[in-house]
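The values are calculated or read from the model by the stated rules, or taken from the named source; none is laboratory data. This one's a predicted model, so the numbers in the text were calculated from it and none came from an experiment. A quick note on method: Cβ atoms are made from the backbone with ideal geometry, for glycine too, and the neighbour counts reach across all protein chains shown.
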Amino acid sequence: MQVTSAEFLKSAFKEDDWPRDVKPEIAFLGRSNVGKSSLMNSLLGVRGLARTSSTPGRTQALNFFLINNAFRFVDLPGYGYARAPRAVKAQWSAAAEEYLAKREPLVLSIHVVDSRHEPSKQDLQLHEWLLHHHRPHLIVATKSDKLSNNELRKNIDRIAHALEADQVVIFSATEKRGRDKVWSAIEKSLKN
């Protein structure tokens with residue numbers, strides 16, 4: 001897909017703040033510091049549109065981005081370790097779950113996992129939730145450039161087995177590996 005425009009729309013902490021117009025949305029979800037924002041920036045070919053940080057927990061709200069004036073990317077707060085009070089992290093979790101459960105324009109959830117690590121308990125819970133609620137989703141394993149081909153193959157097999165997934169897209173933001181496969185899944189979801 002050719003990206004002609006990509007702009008930050010708004011941050012939303014509650015449902016009242018979500019965009020009201022009905023455009024299809026693609027949500028990016030996963031652990032803190034797994035590379036969701038880097039994945040989005042790489043897909044869009046825009047450096048720094050979605051804020052990246054080496055500190056877990058920087059994304060604290062649902063961040064909406066308008067793409068080609070036709071659809072939106074939604075960057076959800078990460079789960080797991082983050083430098084934030086427990087009550088604040090609980091609010092992020094509640095906001096993300098409310099969005100996933102209620103959002104009508106959501107056409108695809110991109111479940112981002114780190115190719116260097118086995119899926120966490122929260123990754124497994126998210127995957128089960130998406131399956132249980134019949135939410136279309138794609139599993140993308142980021143940071144693949146940080147592993148040898150042999151390590152990567154073993155880790156992807158482990159991830160696929162743990163998540164009982166037929167497909168795990170191997171992705172590297174620096175090498176743009178897997179970019180076409182992710183866009184293909186997004187384009188397909190936008191046509192449905």
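Structure summary
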read-out: Subset of region 11-47 [on the phi > 0 side of the Ramachandran plot and assigned to a strand (DSSP E or B)]; value: 30
read-out: All positions within region 1-10 that are part of a strand (DSSP E or B) and closer than 15 Å to residue 71 by Cβ; value: 6, 7, 8, 9
read-out: Criterion (of a type outside the set (S, T, N, Q), loosely packed, with under 13 Cβ neighbours inside 10 Å and modelled with pLDDT of 90 or more) met by exactly one of 70, 90; value: 70
read-out: Residues located in region 144-167, provided they are surrounded by 15 or more Cβ atoms within 10 Å (Cβ to Cβ) and under 21 Å from residue 106 (Cβ atoms); value: 163, 165
read-out: Residue in region 174-181 that is modelled with pLDDT of 95 or more and surrounded by 20 or more Cβ atoms within 10 Å (Cβ to Cβ) present; value: yes
read-out: Selection from region 104-125 of residues that are out of contact with any Lys or Arg (no Cβ under 9 Å at 6 or more places or on another chain) and buried (at least 17 other Cβ atoms within 10 Å of the Cβ); value: 107, 111
read-out: Pair list, Cβ under 6 Å, 6 or more apart: region 145-174 residue without any contact (Cβ under 8 Å) to a residue 40 or more places away in the chain, other residue part of a loop (DSSP other than H, G, I, E, B) and buried (at least 19 other Cβ atoms within 10 Å of the Cβ); value: 160/168; 169/178
read-out: Residues (surrounded by 17 or more Cβ atoms within 10 Å (Cβ to Cβ) and β-branched (Val, Ile, Thr)) located in region 4-28; value: 26
read-out: Boolean, residue 124 is under 16 Å from residue 74 (Cβ atoms) and aliphatic (A, V, I, L, M); value: no
